[in-house]
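Reviewing the structure listed below.
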Amino acid sequence: MPPIISDVTLRNAKPKDKAYRIQIGGNCFLEVLTNGVKWWRMRYRRPQTDQQAILDLGFYRSELVDRKGSVNGLANLSLNEAKAEAIEAKKLLKRGIDPQDYREEQKARIEAERQAALRAQTHSFETITREWHTHRRDSLNRWKSAKNAEKILHMLEVNLFPDLGTLHISEVTAPLLLETIQKVVKRGAVETAKKLNRWTVDIFRYAVLRKLVAHNEADNLRGEIPAPLRKNNPYLKAPEIGNFIRQVEADTGGEIIKLAILLTLHCLTRTQETRFAQWSEFDLESKVWNIPAERMKMERPHTIPLTPQVLAILERLRPFTGDKPYLFWNSSIDKPFSENAMLQVLYRLGLKGKLTIHGLRATGSTVLNESGFRSDIIETALAHKEENAIRAAYNHAQYVEERRQMMNWWSDYLNGVEQGAQVIPIKTTKKV
């Protein structure tokens, strides 16, 4: 029987070199991360497969604090509240229900109820916006591709529907639109804000032509959205890379996401290129990863030479998702991991505002440039845009073997700094 744990003990628990657990009984424990974050978790067996799993209950809150709140969808729980959450999860398990699946079903139910309420409002902003989107997609064929249409609808859902969706289209005034879009501006997504403004002008034009509103309210926002400021993603400096890799390897949040970050770092891919990587794209005989054009930002196919270290990452990953179409598959939701899954690891490591997943590309670019590799090879490796299409195709074909040498050097460099070697980038005497 575990010793009785008090809130004082939990409150005074300090971070150590490695994450550790404080058991509170009933397979429930408080995990203390190296950055001081504390969260409640519970071990259990999935009813359908009998496989071991861990349920995240919430973040730790001292009983001295009278504010529950939540962070990233998880509540801040006191010791007694965490025990109560664990009891509720066990009740579900006794009924043969996986608590993680139950959460997803509840979210889906709430969303379905919200959608039903919206459908009842024939002329709500969300309903009219969806009609406009369908009209442009199916009747006018205005979107570049189905993927592009889906992306635009998602941006509208995330940025506009929470504040405006349930309002009648005639109730959405210029001041309301401006207030909503300025929230997007304030979080730094100015380019997204300008797109939203452009789309709302079209949405209201659609509504005016159908006599749902008298005026195009979105037209009044012209000139109110600031021009986007170029802002580089935070990235790691060379002396910080080794410790970062060691922190990622030590993270206990999940092996699959850890390997996604390491693959991104070694291959210098974009988040989406990693998230939707498929086993069928990897030619292990030729040791290349062939990403088709439809998955690339620049809409051109991209080939990445696979280093021995990347091949080792794939072998570590295979037992988890080797039987799935995607490398980074989330079995609990039966689809690839979410866009923020890797970012949440950085947050757990205390790197919020100090590093982004996209910033790993800047880290690689900086080190490779400082080490004397040719800029055109680096730019091709990063799949950056080449204005001349013929030259771009030529470069891509010509540089595969040169990039293989460079990427092997990069993976060896990462191995060296991870092991604590003082690897200092120097200008190569012979550029590849």
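In table form, for the structure just shown:
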quantity	calculated
Nonlocal amide H pairs with Ala75, under 5 Å, H built at 1.01 Å	Phe59
Whole-number D in µm²/s for the chain (Stokes-Einstein; Kirkwood sum over Cα pairs; 37 °C, 0.692 mPa s)	131 µm²/s
³J(HN,Hα), Karplus 6.51/-1.76/1.60, whole Hz, each residue of the stretch 211-218, x for Gly, Pro	6, 8, 9, 8, 9, 8, 4, 5
R0 of 22 Å, Cβ-Cβ distance Asn369-Lys237: FRET efficiency to nearest 0.05	0.95
Directionally averaged shadow of the stretch 319-378, computed from the convex hull of its alpha-carbon atoms, nm²	6.5 nm²
Gyration tensor verdict on the stretch 238-418 (Cα atoms; rounded if a/c is under 1.5, prolate if a/b is larger than b/c, oblate otherwise)	oblate
Kirkwood hydrodynamic radius of the stretch 7-98, Cα pairs, Å	13.7 Å
Among 362-368, 413-419, 44-50, the order from most to least packed when residues are scored by Cβ within 10 Å on average	362-368, 413-419, 44-50
Between the stretch 289-333 and the stretch 173-190, the Cα center-to-center distance that results, in Å	37 Å
Cβ crowding within 10 Å averaged over residues, with 146-156, 30-40, 11-21 ranked highest first	30-40, 146-156, 11-21
Placed amide H near Leu167: partners under 5 Å, 5+ positions off or other chain	Phe125, Glu126
Placed amide H near Leu306: partners under 5 Å, 5+ positions off or other chain	Val288, Trp289
For the stretch 163-223, alpha-carbon Rg relative to the globular expectation (2.2 N^0.38 Å, N residues)	1.08
Links that overshoot a 30 Å alpha carbon limit, given the list Lys91/Lys147; Lys237/Lys297; Lys186/Lys237	Lys91/Lys147
Potential extension, Phe276-His135 segment - 0.36 nm per residue separation minus Cα distance	47.9 nm
At 1.567 mPa s and 4 °C, Stokes D of the stretch 121-221 from Kirkwood alpha-carbon radius, µm² per second	95 µm²/s
Ala312 versus Arg11: modelled label distance in nm, points set 7 Å from Cα along the beta carbon direction	4.6 nm
Lys, Arg +1 and Asp, Glu -1 on Cβ, resulting dipole of the stretch 120-213 about Cα centre, debye, nearest 20	420 debye
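Only the coordinates and a few stated rules stand behind these numbers; no lab work does. All of these numbers come straight from a predicted model, not from anything done at the bench. Cβ sites come from the backbone with ideal geometry, for glycine too, and all protein chains shown count toward neighbours.
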